[in-house]
Amino acid sequence: MKLTIKKILQILLVLSIGSQLSACAVVAVGAVAGSAAILIDRRTPAVQAIDLGIELQANNAILQKYNNDAHINVKSFNQKILITGEAKNNEIKSQITQYASSLKNGRAVYNEVLISPNSSYTSRALDSWMVSRIKTRMIFEKDLPSNSMSIVAESGRVYLMGILTANEAQKAKFIAADTSDVKEVFVYFDIISPAEKARLEQIGKGETSQPSSPAN
């Protein structure tokens with residue numbers, strides 16, 4: 001994509017206000033919808049802590065081991081581990097898969113690393129801008145629990161994880177695919193029933209065992 005000065009300024013603006021926009025937009029949606037359900041993360045607090053621990057441990061270990069031979073991002077949601085980025089060769093990619101699979105608290109590993117030179121800072125800025133636009137659209141979409149999803153973009157490819165009903169999953173995938181500059185969308189959702197959704201919204205947090213449905 002050819003970057004104009006206007007587009008670069010737009011990217012910088014979105015990146016600079018992205019975190020504040022998300023917080024404000026969630027509050028606005030909560031007020032309009034009149035329901036706290038849209039704010040709920042359907043993971044238990046314990047699983048949220050596990051996911052954070054996996055990300056910190058894996059990202060630090062991979063960075064220290066491979067340095068400039070790979071540009072890797074590890075994201076964990078509901079103990080599903082998503083690995084994206086670029087690696088110098090298949091051997092490095094395979095080693096990263098083996099490492100992630102050895103992590104004690106992970107229950108599935110999806111390695112979407114591309115064999116290519118490390119992405120440029122411009123490409124990463126475009127990906128961050130893309131994620132911000134997708135998140136903003138989802139925040140303002142009625143009955144779509146954006147707090148129960150994780151959105152990752154690498155080189156125009158978008159990866160979605162979350163705990164959603166089948167209808168919510170279809171809507172989330174459509175929004176991501178319908179966003180400009182998105183090349184392809186991959187989903188790794190845990191699909192729950194409407195009854196389970198109602199239960200989670202009633203108690204505010206899921207306190208029983210996490211769903212373990214395969215990726216769609």
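A short reminder: the numbers here are calculations on the coordinates, not readings from a lab. Remember, it's a predicted structure, so these values are computed and weren't measured experimentally. Here Cβ is always computed from backbone atoms with ideal geometry, including for glycine, and neighbour counts include all displayed protein chains.
Each Cα pair under 8 Å and six or more residues apart adds its separation to the average, and for segment 56-115 the resulting relative contact order is 34 percent. Per-residue Karplus couplings for segment 188-201, computed as 6.51 cos²θ - 1.76 cosθ + 1.60 with θ equal to phi - 60°, are listed in order as 9, 7, 9, 8, 10, 7, x, 5, 5, 4, 4, 5, 5, 6 Hz, Gly and Pro entered as x. Taking 31 Å as the limit for the C-alpha separation, the pairs Lys75/Lys197; Lys88/Lys142; Lys65/Lys171; Lys93/Lys142 exceed it in the case of Lys88/Lys142; Lys65/Lys171; Lys93/Lys142. In plain terms, the chain from Glu112 to Leu56 could stretch by 18.3 nm, reckoned as 0.36 nm per residue minus the Cα-Cα distance.
Segment Ala46..Gln64, full-extension length gain: 3.8 nm, with 0.36 nm per residue of separation and the alpha-carbon distance subtracted.
Let me know the shape class of segment 56-115, please: from the alpha-carbon gyration tensor, a ≥ b ≥ c as square roots of the eigenvalues, rounded when a/c is under 1.5, otherwise prolate if a/b is greater than b/c, or oblate. In terms of gyration-tensor shape, prolate. Counting neighbouring Cβ atoms within 10 Å and putting the fewest first, the residues Asp190, Asp41 line up as Asp41, Asp190. Under 1.5 on a/c is rounded, so check that first for segment 85-204, then, if it is not, pick prolate when a/b is larger than b/c and oblate when it is not; a ≥ b ≥ c are the square roots of the alpha carbon gyration tensor eigenvalues. Here segment 85-204 falls in the oblate category.
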